[in-house]
Amino acid sequence: MRLLGLQAVGFRNLAPLDLQTDASFVVVHGKNAQGKTNLLEGVFLLATLKPLRARRTQELIAWGQEGAVVAATVRAGGLARRYKLQLGAGGRTLSLDGQRAEQADWFEGVRAIAFTPSDGEIVLGGPSERRAWIDRAAFTKAPRHLDLVRTYRRCLEQKSTALKAGRPDPILLDALDEQLAAAGAAVVRRRLDILAELRPRVAELHRRIAGDDGREVSLRYSPSIADGGPEEVQQRLTDKLARARKEELRRRSTLVGPQRDEVHILLDGQPARAFGSRGQVRSLVLSLKLAELVAARDRGEVPLFLLDDLSSELDRARTARLVQTLSDLRAQVFITTTDPSHLDALPSDDTLYVELSEGRVSAEGDAGGAG
Ligand SMILES: Nc1ncnc2c1ncn2[C@@H]1O[C@H](COP(=O)(O)OP(=O)(O)OP(=O)(O)O)[C@@H](O)[C@H]1O
Ligand SMILES: [Mg+2]
């Protein structure tokens, strides 16, 4: 998958942007607060229709402006398509090759996986961070996962409202539990599928990135649902919901389901957050994200890879191994950094350097052009 051109108008602090490239590595560099991450955010938004950092897409519109446009030409599977997203007060409008498009058609030819400094939370934060990660990975694999999660949440909210109000109608609760078991099983199944894909790849990549001091990574979903097929998972959820009913009524809140499940990330069998030198955490999260990339490659198409603020915690040797891994995958990678000089492992003939200053591209060039 290649992003061949990126345009943005009225987006964050970026001056009207028009970037053309088919380089494998695009390095966006410049001082702090110049708009490097904003540029990456533009790519991420196009690929996922979700903001990378903001809570609401409205925050992405440049201050004082009515709306924003982000567009890109992306080539995938030999086909180049034009993606255009408009943000305005009334929401967003999508167009694909000049035609008004629906979200369902959007993701066919564009995907992105981002790695940002705050992703350390996947390892260090609470269970909800890991659930969000696995759901995002499942979404990157099959965008329909998002709809399943939404359906499940809607159901859960209904039940939660009914429980809070007190004395809920048992017939309503039965109906909701039935829906929850079906929707919940679909969510859990997809999480287990993507975990099974990622597991061996994470271990292998972590060995490669972390080098000698690498510990063994393992991923475990809990509660463990023994090699069950979809019906078995659904049956287990149904049973659990039935057993929890009394307690849920007493506490007036929902107590079981995938919204409470855990994805354990273990290093040498111990929760990884207990180790956590910053470099170790970063290598580990990188392995998680790269594993998604490798899994996608093995399914046929490598998503765009966005690396925000690579500079800090990876040492030279780890950075070099990372670059080698990305080159081997033939991924297109967008990297932001304040200091491109430590990226000397990048192939000079396949890297575009873009310098940003106050939201403007102030210099473009190959390796020779880097400051
Ligand atoms: N909606 C917006 N409209 C205008 N400017 C914005 C908007 N949102 C954020 N900014 C500004 O964009 C600037 C650049 O942000 P960005 O996070 O891209 O910087 P950066 O180059 O990645 O910096 P760092 O190296 O610190 O990560 C910030 O000064 C911020 O105030
Ligand atoms: Mg930044």
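Values for this structure:
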{"quantity": "Residue in segment 259-266 that is more than 16 Å from ligand 2 (Cβ to nearest atom), assigned to a helix (DSSP H, G or I) and surrounded by fewer than 22 Cβ atoms within 10 Å (Cβ to Cβ) present", "calculated": "yes"}
{"quantity": "Tabulated pairs, segment 25-39, first within 12 Å of V361 (Cβ to Cβ), second part of a helix (DSSP H, G or I) and within 6 Å of ligand 1 (Cβ to nearest atom), C-beta under 8 angstrom, 6+ apart or interchain", "calculated": "V28/K36; H29/K36; G30/K36"}
{"quantity": "Selected residue (only one of E247, E197, E216 is closer than 26 Å to F334 by Cβ and of a type in the set (D, E, K, R))", "calculated": "E197"}
{"quantity": "Of all residues in segment 56-96 being closer than 19 Å to T140 by Cα and either small (G, A, S) or within 14 Å of ligand 1 (Cβ to nearest atom) (or both), the one that is surrounded by the most Cβ atoms within 10 Å (Cβ to Cβ)", "calculated": "A72"}
{"quantity": "Which numbered condition R53 misses (of (1) touching a residue at least 24 places away in the same chain (Cβ under 8 Å); (2) more than 13 Å from ligand 2 (Cβ to nearest atom); (3) within 22 Å of the chain's Cα centre (by Cα))", "calculated": "(2)"}
{"quantity": "Residue check for A186: within 30 Å of R273 (Cβ to Cβ), buried (at least 20 other Cβ atoms within 10 Å of the Cβ) and in contact with a helix residue (DSSP H, G or I) (Cβ under 8 Å, 6 or more places away or on another chain)", "calculated": "yes"}
{"quantity": "Test: residue in segment 325-346 that is more than 21 Å from E129 (Cα to Cα), of a type outside the set (V, I, T), within 24 Å of the chain's Cα centre (by Cα) and surrounded by fewer than 16 Cβ atoms within 10 Å (Cβ to Cβ)", "calculated": "yes"}
{"quantity": "Selected residue (criterion: surrounded by the fewest Cβ atoms within 10 Å (Cβ to Cβ)) from residues of segment 297-312 that are within 14 Å of ligand 1 (Cβ to nearest atom) and part of a loop (DSSP other than H, G, I, E, B)", "calculated": "S312"}
{"quantity": "Residue check for A162: touching a residue at least 12 places away in the same chain (Cβ under 8 Å), closer than 17 Å to L192 by Cα, aliphatic (A, V, I, L, M) and surrounded by 15 or more Cβ atoms within 10 Å (Cβ to Cβ)", "calculated": "no"}
{"quantity": "Within segment 108-137, considering residues that are polar (S, T, N, Q) and surrounded by fewer than 18 Cβ atoms within 10 Å (Cβ to Cβ), the one modelled with the highest pLDDT", "calculated": "S128"}
{"quantity": "Number of positions in segment 267-286 that are free of Cβ contacts under 8 Å to residues at least 12 places away in the same chain and in a helix (DSSP H, G or I)", "calculated": "1"}
{"quantity": "Matching residues in segment 1-14 - criterion: being near ligand 1 (Cβ under 9 Å from one of its atoms) and surrounded by fewer than 23 Cβ atoms within 10 Å (Cβ to Cβ)", "calculated": "G10, R12, N13"}
{"quantity": "Answer residue from segment 15-55, given it is farther than 20 Å from T337 by Cβ and within 15 Å of ligand 1 (Cβ to nearest atom) and is surrounded by the most Cβ atoms within 10 Å (Cβ to Cβ) among those", "calculated": "L45"}
{"quantity": "Residues located in segment 122-156, provided they are more than 30 Å from E108 (Cβ to Cβ) and not hydrophobic (A, V, I, L, M, F, W, C)", "calculated": "G125, G126, P127"}
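The values are calculated or read from the model by the stated rules, or taken from the named source; none is laboratory data. Keep in mind the model is a prediction, meaning the values are calculated, not measured. Positions of Cβ are generated from backbone atoms using ideal geometry, with glycine treated the same way; all protein chains shown enter the neighbour counts.
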